[in-house]
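The values are calculated or read from the model by the stated rules, or taken from the named source; none is laboratory data. Note that the structure is predicted; figures quoted are calculated from it, not measured. Every residue, glycine among them, receives a Cβ derived from its backbone with ideal geometry; neighbour counts consider all protein chains shown. Areas reflect the complete protein model, heavy atoms only, side chains present, ligands, DNA and RNA absent. Shrake-Rupley method; radii C 1.70, N 1.55, O 1.52, S 1.80 Å.
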Amino acid sequence: MDGQAHILIIDDDTRIRELLQSYLTQSGFRVSAAGNAATARKLMQGMVFDLLILDIMMPGETGLELTRSLRDSHNGVPILMLSALAEADDRIAGLASGSDDYLAKPFEPQELLLRIRSILKRNSRTATTRQARFGDCEFNLQRGELRRAGDVIRLTTRERELLRLLVQRAGQTVSRFDLAMPGSEDSPRSIDVHINRLRRKIEPDPSVPVYLQTVRGVGYTLHLD
């Protein structure tokens, strides 16, 4: 499970952010990092994360505000809050905003790791049934596994991220800009190439797509059954 989980650390303290990133990477996780909520939002547009580790006291949009916003938009990504505020009222406010757990600073790295694994384990039990179906294909969002007529279809890492994002926003038009991975060299042309490869794996006739359709001049829409 650890090797598959992708964690996003959101903390304006560079030292803490780098220490957490190093420790969690050594613990077997995929880790990305952001110094503020605005950067985190950009990352979440192009990637799917299994857990957010979120500092509360940040300039601009705070951790509490970001959590409320995500929950109001029905984004159920698990959130572990970190804060120097350790009073009971502070913990209650954090949990009431929609976070899954709350850990006061300073903390022991081993305790953080145990809490992360506990959240991921709980989430995996509820997420294994999150299946998206289109035609004879079935995509498991948690595992990133695509099956067609019962057979596992191999996806590249980039194809898996794109399909997760399209499934999460099924029925909506997703622009090429939103599909481009932040910090990568993705261009509109490279996105089109990835989409064409996905179509060959999910469409009855890739030349006449039924599920993964082009919205001319904008991007793509995935239609589920």
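Straight-line cross-link reach from Lys201 at under 21 Å between alpha-carbon atoms covers no lysines, not counting any fewer than eight positions away in the same chain.
Taken as Cα centroids, segment 151-165 and segment 3-25 sit 25 Å apart, rounded to the nearest whole angstrom.
Taking Cβ atoms as reference points and 9 Å as the exclusive limit, the residues near Met81 contribute a net charge of -2, counting Lys and Arg as +1 and Asp and Glu as -1. The aspartates and glutamates within cross-link reach of Lys105, meaning a Cα-to-Cα straight distance under 16 Å and a gap of 8 or more places when in the same chain, are Asp11, Asp12, Asp13, Glu18, Asp55, Glu87, Asp89, Asp90. Protection proxy ranking, highest mean first, for peptides 158-170, 212-224: 158-170, 212-224, where packing is the per-residue count of other beta-carbon atoms within 10 Å, averaged. The mean accessible area for residues of segment 165-225, using a 1.4 Å probe and ignoring ligands and nucleic acids, is 56 Å² per residue.
Rg and Dmax over the alpha-carbon atoms of segment 19-83 stand at 11.7, 34 Å. Relative to the longest principal axis of the Cα atoms of the chain, the long axis of helix 157-168 lies at roughly 90 degrees.
Of all DSSP beta bridges in the chain, what percent run antiparallel (nearest 5)?
50 percent
Label-to-label distance for Gln172 and Arg117 is 3.5 nm, based on points extended 7 Å past Cα in the beta-carbon direction. For a paramagnetic label modelled at 7 Å from the Cα of Ser22 toward its Cβ, which residues of segment 94-114 fall within the zone defined by backbone nitrogen distances under 16 Å? Residues 109-110 fall inside that zone.
Ligands, DNA and RNA excluded, the heavy atoms of Lys201 present near 50 Å² of accessible surface to a 1.4 Å solvent probe.
For the chain, the fraction of C-alpha pairs more than 32 angstrom apart is 23%.
The Lys42 and Thr156 beta-carbon pair, evaluated with R₀ = 30 Å, returns a calculated FRET efficiency of approximately 0.85.
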